[in-house]
1. Pairs only if they're at least six apart or on different chains, beta carbon under 6 angstrom, first in the stretch 280-303 and touching a residue at least 12 places away in the same chain (Cβ under 8 Å) and within 12 Å of N245 (Cβ to Cβ), second of a type in the set (G, A, S) and buried (at least 20 other Cβ atoms within 10 Å of the Cβ); list them, first residue then second.
2. Between a first residue in the stretch 306-327 that is in contact (Cβ under 8 Å) with a residue 60 or more places away in the chain and over 11 Å from P188 (Cα atoms) and a second residue that is surrounded by 14 or more Cβ atoms within 10 Å (Cβ to Cβ) and among the polar types (S, T, N, Q), which pairs have beta carbons less than 7 Å apart while being 6 or more apart in sequence or on different chains?
3. For the stretch 271-284, which positions are of a type outside the set (D, E, K, R) and in contact with a Gly (Cβ under 9 Å, 6 or more places away or on another chain)?
4. Does V6 count as more than 16 Å from the chain's Cα centre (by Cα), among the β-branched types (V, I, T) and surrounded by 14 or more Cβ atoms within 10 Å (Cβ to Cβ)?
5. When you look at R278, is it farther than 15 Å from T201 by Cβ and not in a loop (DSSP other than H, G, I, E, B), yes or no?
6. Of everything in the stretch 188-201 that's part of a helix (DSSP H, G or I) and touching a residue at least 40 places away in the same chain (Cβ under 8 Å), which residue is nearest to E306 (Cα to Cα)?
7. Which of the residues belonging to the stretch 41-58 are surrounded by 14 or more Cβ atoms within 10 Å (Cβ to Cβ) and among the basic types (K, R)?
8. Mind checking which helices (runs of 4 or more DSSP H) fall wholly inside the stretch 13-99 and carry at least 1 residues that are in contact with an Asp or Glu (Cβ under 9 Å, 6 or more places away or on another chain) and free of Cβ contacts under 8 Å to residues at least 12 places away in the same chain?
Amino acid sequence: MKDNGVRLLVAGGAGFIGSNFIRYILGAHADWQVVNVDKLTYAGNLANLKDFDEDERYRFVRADICDAPRIEEIVAAERPDAIVNFAAETHVDRSINDPTLFLKTNVLGTQVLLETARRQGIARYIQISTDEVYGSLGSEGKFSEGSSLRPNSPYAASKTSGDLLVRAWFKTYGVPAIITRCSNNYGPYQFPEKLIPFFVTLLRENKPVPVYGDGMNVRDWIHVDDHSRAIEAVLLRGKPGEIYNIGGGNERTNIEITKMLFSFTGKPELLMKFVPDRPGHDRRYAIDDSKIRRELGVAPQVPFEEGLRETVRWYLENEEWCNAVRSGEYLKFYDQWYSRQGRA
């Protein structure tokens, strides 16, 4: 795809990864334009992009990706060169509690975007997926793009279903679609239901942090800016029909991450509380990202400890942002999932 004057439609651009991607793209490309389409669910926050309110290169449109007529209308009017789909329900715990919305947004919403891309002749469609579609690993090995899809949570199953739709629309209709599957992201503007911002905001208030099971579940962590750089490369140089794994090369146990957060916040480890594990909790994820490194020349740039320390500092210094999102739906779910089930 061309690298000048690109016009993007970003679905789900008010969420954590989507908003960071938009910030990265507008910072890196003076002549690119972004149309942000977001339903603004509990995790969507326009404050993440308030710096661009007066930027002529950026426009926000509120819409649900499941609303086919509305999405068709927006895409027809905006005529983007590419659609990048970040829009998704993503919290595993919430998917266990109620899978319905995950199936609707992550499956039906993906189909709507794909069909719209087909009808409107969009030059490139990028599906932002997750390593969770691969399931769980033992102590050895890594997930490659050819690994079997074995989702273990309703969230992972819904993302897997969306990926299979992407494959079908490429194979059947020739939609120039690409799938990216990334490991765990960290960085600023992440809704504090995910491990790092969740624990930091609890520790700031001297509240106990609930560690699932024995805390030895392993995840591969990547800074959200490194993820954004990888998506940019896929947009510009990726091959339609392909899948690209995006990894951080930072395998860490949950207990290791938790102890780093205690260290960076200066809080005592006495606040660590082991709680019953969640159902279907995958033991280990690890990404083989050799394909994107080899074919597109992409590799992480942010050192993990440095990036994590800066991320913790951001949440501690942006108390107003954290307090604004930690209300309503957040508190309702926290009470239901953790307190009532003996996890807090």
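Taken together, the values in this text are just the output of simple stated rules run on the coordinates, not laboratory data. Being a predicted model, the structure only gives us computed values, none of them experimental. Here Cβ is always computed from backbone atoms with ideal geometry, including for glycine, and neighbour counts include all displayed protein chains.
1. I287/S183; I287/G247; D289/G247; V298/A230
2. These pairs meet every condition: V325/N45; R326/T201.
3. Taking the stretch 271-284 first, the residues of a type outside the set (D, E, K, R) are 271-272, 274-276, 279-281.
Across the stretch 271-284, the qualifying residues are M272, F274, V275, P276, H281.
4. Numbers: more than 16 Å from the chain's Cα centre (by Cα): yes; among the β-branched types (V, I, T): yes; surrounded by 14 or more Cβ atoms within 10 Å (Cβ to Cβ): yes.
Taking the combined requirement at face value, the residue satisfies it.
5. Working: farther than 15 Å from T201 by Cβ: yes; not in a loop (DSSP other than H, G, I, E, B): no.
Answer is no for this residue.
6. First, the residues of the stretch 188-201 that are part of a helix (DSSP H, G or I): 195-201.
Within this subset, residues satisfying the condition of being touching a residue at least 40 places away in the same chain (Cβ under 8 Å) are 195-197, 199-201.
Values: L195: 18, I196: 14, P197: 16, F199: 18, V200: 16, T201: 19 Å.
Here the residue is I196.
7. R57
8. On the way: elements: 16-28, 68-78, 92-97.
Once the helices (runs of 4 or more DSSP H) in the stretch 13-99 are filtered for at least 1 residues that are in contact with an Asp or Glu (Cβ under 9 Å, 6 or more places away or on another chain) and free of Cβ contacts under 8 Å to residues at least 12 places away in the same chain, what remains is 68-78.
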